[in-house]
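Comments concern the structure below.
The values are calculated or read from the model by the stated rules, or taken from the named source; none is laboratory data. From a predicted model like this one, the values you see are computed outputs, not experimental measurements. Cβ coordinates were reconstructed from backbone atoms using ideal geometry, including for glycine residues, and neighbour counts include every protein chain displayed. Just the protein is used for accessible areas: all its heavy atoms, side chains included, with ligands, DNA and RNA removed. Shrake-Rupley method; radii C 1.70, N 1.55, O 1.52, S 1.80 Å.
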Amino acid sequence: MACLFCSIVAGDVPSRQVYADDHAIAFLDIGPWKRGHTLVIPRRHVDDVLAVDEALTEIAPAISATARLLTEKLGADGLNMLSNAGATAGQEVFHLHVHLVPRYADYPGLRALFDPDPAIDLDEVHATLFQRQRPSKRPSAAASQRPTGLG
């Protein structure tokens, strides 16, 4: 299969899945910008948000449910949602995907969105999403000391 995300949907490539329904799946991004950064994708192949009129509508329930899961379980104070359409817009995998990026009050603002945190432990985040107790809402102190400019 040529499409990485189609391979994830088929189960041929592993992922840390956090949500699934008949139309979409959601999984943690392997290069997270912030703790809990998740991608929501349609099960069927759609190149981008502009390719098929109803594609975004089909995955909207998954986007909403996943956003609530991330903010509630990770204690986020907000959330950014982003989808790139085409290489010029920054799309790297040409299968529609919506980035859900939980945000925390100690590192706010749009400029800070694209400042990745290399200390994020995806296994810990995945485990936290399925624990019954509410975790601390704050990332590590070191994570909150990064500059806020776009690179």
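In table form, for the structure just shown:
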| read-out | value |
| --- | --- |
| Residues that are in contact (Cβ under 8 Å) with a residue 40 or more places away in the chain, open to solvent by less than 80 Å² (accessible area, probe 1.4 Å) and outside any loop (DSSP other than H, G, I, E, B), drawn from segment 1-16 | F5, C6 |
| Whichever residue in segment 36-50 is touching a helix residue (DSSP H, G or I) at 6+ places or on another chain (Cβ under 7 Å) and in contact (Cβ under 8 Å) with a residue 60 or more places away in the chain and, among such residues, is nearest to P102 (Cα to Cα) | G36 |
| Residue tally, condition free of Cβ contacts under 8 Å to residues at least 60 places away in the same chain, open to solvent by 20 Å² or more (accessible area, probe 1.4 Å) and among the aliphatic types (A, V, I, L, M), over segment 68-120 | 9 |
| Test set (1) open to solvent by 60 Å² or more (accessible area, probe 1.4 Å); (2) assigned to a loop (DSSP other than H, G, I, E, B); (3) in contact (Cβ under 8 Å) with a residue 40 or more places away in the chain - W33 fails condition number | (1) |
| Scan of segment 24-83 for residues that are of a type in the set (F, W, Y) and over 25 Å from A2 (Cα atoms), ordered by number | W33 |
| In segment 48-62, the residues that are open to solvent by 70 Å² or more (accessible area, probe 1.4 Å), closer than 12 Å to A85 by Cβ and not in a helix (DSSP H, G or I) | L50 |
| Subset of segment 17-30 [among the small types (G, A, S) and surrounded by 16 or more Cβ atoms within 10 Å (Cβ to Cβ)] | A24, A26 |
